[in-house]
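Comments concern the structure below.
The values are calculated or read from the model by the stated rules, or taken from the named source; none is laboratory data. This is a predicted model, so every value here is computed, not measured. Cβ placement follows ideal geometry from the backbone for every residue including glycine, while neighbour counts extend to all protein chains displayed. These accessible areas exclude ligands, DNA and RNA; they are computed on the full protein's heavy atoms, side chains included. Shrake-Rupley method; radii C 1.70, N 1.55, O 1.52, S 1.80 Å.
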Amino acid sequence: MADRIEDFEDVDALSRGAAVQVADWLKTAIAQSGEASLVLAGGSTPKKLHAALVSQAGSDGVDWSKVTILFGDERGEGPDYDHSNFKIAAATDIQPMPVKPKAVHRMKGELGHVEAAKEYETLVPQKLDVVLLGMGEDAHTASLFPGRPEVETTGQRVIAAFGPKPPPERISLTLDALNSASQVGFLVSGAGKAVALAEVLAERSAGVPTLPSARVQPTHGEVTFFVDATAAGR
């Protein structure tokens with residue numbers, strides 16, 4: 001299926017628009033199977049989306065008691081670490097939610113990234129419903145970085161990974177897991193992402209994906225890029 005690109009004036013408009021779309025995706029999944037899984041991303045742009053999801057919860061028509069929340073990646077640290085994706089989401093999304101999710105499964109980085117990945121493997125369903133992803137300036141996504149062997153991993157849904165910035169130990173969903181999704185939403189904002197976005201879209205269009213973000217291509221799903229004006233500059 002062809003990618004869909006949704007353009008927005010700025011990151012705030014992007015967050016509001018993406019939140020509406022995410023709600024629609026979740027409602028569709030719940031209508032089809034009685035429940036839904038939502039994978040959250042880390043980073044500044046997803047953080048704004050989390051806030052938008054909270055602001056519309058209760059009026060968006062989503063029965064959040066049927067939604068299981070998972071994470072795309074995490075640092076090899078505990079939940080009190082300042083840059084923990086779980087800690088950020090708990091503050092901006094999970095705790096303020098007026099209708100609590102069915103379950104929230106965090107990656108337990110305090111176990112060490114190898115053991116945490118093994119444990120999380122048992123929690124990730126074979127098919128994901130909605131996956132939210134960010135994109136780095138190097139076109140990495142989750143904790144799958146260009147040139148790293150983790151990008152080539154098959155047969156696993158969660159892997160112990162490494163990142164270029166401290167702490168290097170990470171836990172990440174694999175491409176196998178990401179590509180099991182029904183709907184993937186990339187959240188891309190800021191001029192610093194413009195080159196990476198252009199390269200990723202060019203690779204996808206040419207059918208020769210090499211960069212991690214370009215290789216997120218669900219077998220039976222769709223990919224939507226939510227992009228603000230500065231990221232779309234190239």
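Values computed for the structure shown
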quantity: Residue satisfying all of: in region 115-127; open to solvent by 30 Å² or more (accessible area, probe 1.4 Å) and outside any loop (DSSP other than H, G, I, E, B); farthest from Ala18 (Cα to Cα) among these; calculated: Glu115
quantity: Pairs, first within 17 Å of Lys108 (Cα to Cα) and among the β-branched types (Val, Ile, Thr) in region 155-170, second open to solvent by less than 80 Å² (accessible area, probe 1.4 Å) and part of a loop (DSSP other than H, G, I, E, B), C-beta under 9 Å, six or more apart; calculated: Val158/Met107; Val158/Leu123; Val158/Val124; Val158/Thr174; Ile159/Ser143; Ile159/Thr153; Ile159/Thr174
quantity: Only one of Lys108, Lys102 that is open to solvent by 50 Å² or more (accessible area, probe 1.4 Å) and out of contact with any strand residue (DSSP E or B) (no Cβ under 7 Å at 6 or more places or on another chain); calculated: Lys108
quantity: Subset of region 128-185 that is in a loop (DSSP other than H, G, I, E, B) and aliphatic (A, V, I, L, M) - its residue that is surrounded by the most Cβ atoms within 10 Å (Cβ to Cβ); calculated: Ala142
quantity: Which listed residue is closer than 25 Å to Leu123 by Cβ, open to solvent by less than 30 Å² (accessible area, probe 1.4 Å) and not hydroxyl-bearing (Ser, Thr, Tyr), from Ala91, Ala41; calculated: Ala41
quantity: Unmet criterion (only one of (1) surrounded by fewer than 21 Cβ atoms within 10 Å (Cβ to Cβ); (2) under 17 Å from the mean Cα position of the chain (by Cα); (3) of a type in the set (S, T, N, Q)) for Ser65; calculated: (2)
quantity: Test: Val114 is under 25 Å from Val188 (Cβ atoms) and modelled with pLDDT of 95 or more; calculated: no
